[in-house]
1. I want to check the label-to-label distance for Ser94 and Gln386. Put each point 7 Å from Cα in the C-beta direction and report it in nm to one decimal.
2. Please give the residues of the stretch 68-91, grouped as numeric ranges, whose backbone N is less than 19 Å from a label point set 7 Å along the Cα-to-Cβ vector of Arg166.
3. Out of all DSSP beta bridges in the stretch 71-188, what portion is antiparallel? Express it as a percent rounded to 5.
4. Test of understanding: extend the Cα→C-beta vector of Arg413 to 7 Å, then name every residue of the stretch 534-555 with backbone N under 14 Å from that spot.
5. At a 10 angstrom cut-off on C-beta neighbours, averaged per residue, how do the peptides 141-152, 420-431 rank from highest to lowest?
6. Once all Cα-Cα distances of the stretch 400-580 are split into 5 Å bins that start at 0, what whole-number percent is in each one?
7. For the stretch 298-367, list log₁₀ I(q)/I(0) at each q in 0.14 Å⁻¹, using the Debye formula over Cα point scatterers of equal strength and ignoring solvent, two decimals each.
8. Once both labels are modelled 7 Å past Cα along the beta-carbon direction, what's the Arg155-Arg354 spacing in nm?
Amino acid sequence: MRGLLCWPLPLLLLFLQPWEIQLQTAGPRCYTGPLDLVFVIDSSRSVRPFEFETMRQFLVGLLRNLDVGLNATRVGVIQYSSQVQSVFPLGAFSRREDMERAIRAIVPLAQGTMTGLAIQYAMNVAFSEAEGARPSEERVPRVLVIVTDGRPQDRVAEVAAQARARGIEIYAVGVQRADVGSLRAMASPPLDQHVFLVESFDLIQEFGLQFQGRLCGKDLCAEQGHGCQHQCVNAAGTFYCTCNSGYKLAPDNKKCLALSEQRLTPSFFAALDLCAEGTHGCEHLCVNFLDSYLCRCRPGFALQQDQRSCRAIDYCSFGNHSCQHECVSTLVGPQCRCREGHDLLPDGRSCRVRDFCNGVDHGCEFQCVSEGLSFRCLCPEGRRLQADGKSCDRCREGHVDLVLLVDGSKSVRPQNFELVKRFVNQIVDFLDVSPEGTRIGLVQFSSRVRTEFPLGRYGTAAEVKQAVLAVEYMERGTMTGLALRHMVEHSFSEAQGARPRDLNVPRVGLVFTDGRSQDDISVWAARAKEEGIVMYAVGVGKAVEEELREIASEPSELHVSYSPDFGTMTHLLENLKGSICPEEGIGAGTELRSPCECESLVEFQGRTLGALESLTQNHILWAWRRWLQGWRLKLCFRTVTPEPSQEALGICGLG
């Protein structure tokens, strides 16, 4: 391009209000002359919310220093990720306020980074006359500004070269994580004036002022006697006159004549509304333009070579959609579609075999397994599937003292806290809650800690579930370390209902959180494990993996669970059911005995001697067999009774 904007364009992502205010107060409005300017902004998932807001504010601030209008600078804005979306085309608005309103209403797409697709859209659609670009014969400069923060996921060099060959000048602006090679492949030469990479926000003010100083051209209409009767419009290095509504420019190109005077010069003036005559032949839209008209197409369509008919834009034919299965063209761009039995992944392009367990309300109590176009339910080892094909027999194999630490901080939000309570009750459903079986306590924490109910309060699952539903949401901060200390010092005390340590009842702590702790967790996380508490950590959303691993017992793969959001966390039950449910050994009906009691010691000695005897049978200790028998008698007598008797001989197998 050889217009006024043949200089560097450091369009940077800037901090919110300071940059916008700086642009507004740095000087008078810029007069660039007629210009078709399209911004292509990256709204992929890598652009953080505050960065996108910065980009939004930058565009608003820049608009306030441009001489926008249908006869001056026309502005269009496109956002892109895995697809392309037109925020507003070049011909949509002539008022700056309408543009600002549309920019502030942008909702980021938050998917992939298909920069090549965005350039293709700008070249074929955004700079078409149907979208408001001025005809090429008017030689109005066309400028494309691409702002991105990452590496494109499709090819950009070829499509950018095609755009430059059509007279579109491209500025490539990268912020922080942007790929320099891709920026250079997109930009127009000379590259030192069209490629910008901002590594630090500290440089924003310097580049911003430099850009504004070069952007602003001279206002020729204000500096010299233009002679226009109605309006003077700045152009590239010159100016021209226009007339108010209801008037047309006279042959001297300065004075204006009322349309009522056209009868005086019928050879010069044409009818005002040529579109109304119905002879234009436009397939979609007819737009009056000076003493002629233009045909335009609706969004998603492109004007044909006859300049009248329209055809749907086949975005898939561009060849850079990267869809794994099928590409479908829509009015706003290409969309990927998967074949039957597959689901589209969040990147908007890849497909995977459908997990029917996540797509339907399967009702499986423990685990759902997808099989073809259906699913089946499984139970953990040692538990049987019931007749309904979904539920498992209850966990009745042992005793547990279970304390649940539930995050009630502000970030959880009330509706999600209700999902957490429902999740807790699903855990209760698979445990045998009773004073002799599993005891459950619940602690809620935020900026402080509150025991909702201790281990010894409720003796049935129904009572526990009712108490869980009655818990009120605390809000405020996230003091996980304080909650761990409370659990270690109070929740597992006998005063709170925990069973004495000499009964060897397993103590289990389960921490449920959705974010980073605001205090230190390391000391009390380690202390809990030193006290023999088996720790589980369940994270949701923005939970920090390092903290979850520090809280949980080893191995972390068995004691740490994570779900990306509250709505899908029910799948964590499958892991927790198999882990928390005690293994067979200390049954609910088994008497708890001290290992130091005499009978227990004799039982241990019997098992040990039996193992040694089995080795003698395998000829490993055959030379020691007679010595073993003697040693066994001595050990048995010493344990059972100090004096030999018929009873002792019977116990030792010699009676």
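1. About 7.2 nm, to one decimal.
2. What the label zone holds, given the 19 Å backbone N cut-off, is 74-81, 83-91.
3. On the way: 4 of 11 bridges.
The antiparallel proportion sits near 35 percent.
4. Only 541-542 fall inside the zone, counting backbone N under 14 Å.
5. Order by mean packing, descending: 141-152, 420-431.
6. Per 5 Å bin, starting at 0, the Cα pair percentages come out as 1, 9, 19, 23, 24, 16, 6, 1, 0.
7. For the requested q values the scattering log ratios are -0.59.
8. Rounded to a tenth, the inter-label distance reads 3.4 nm.
Taken together, the values in this text are just the output of simple stated rules run on the coordinates, not laboratory data. A quick note: this is a predicted structure, and the numbers were derived from the prediction, not measured. Using ideal geometry, Cβ is built from the backbone for each residue, glycine included, and neighbour counts are taken over all protein chains shown.
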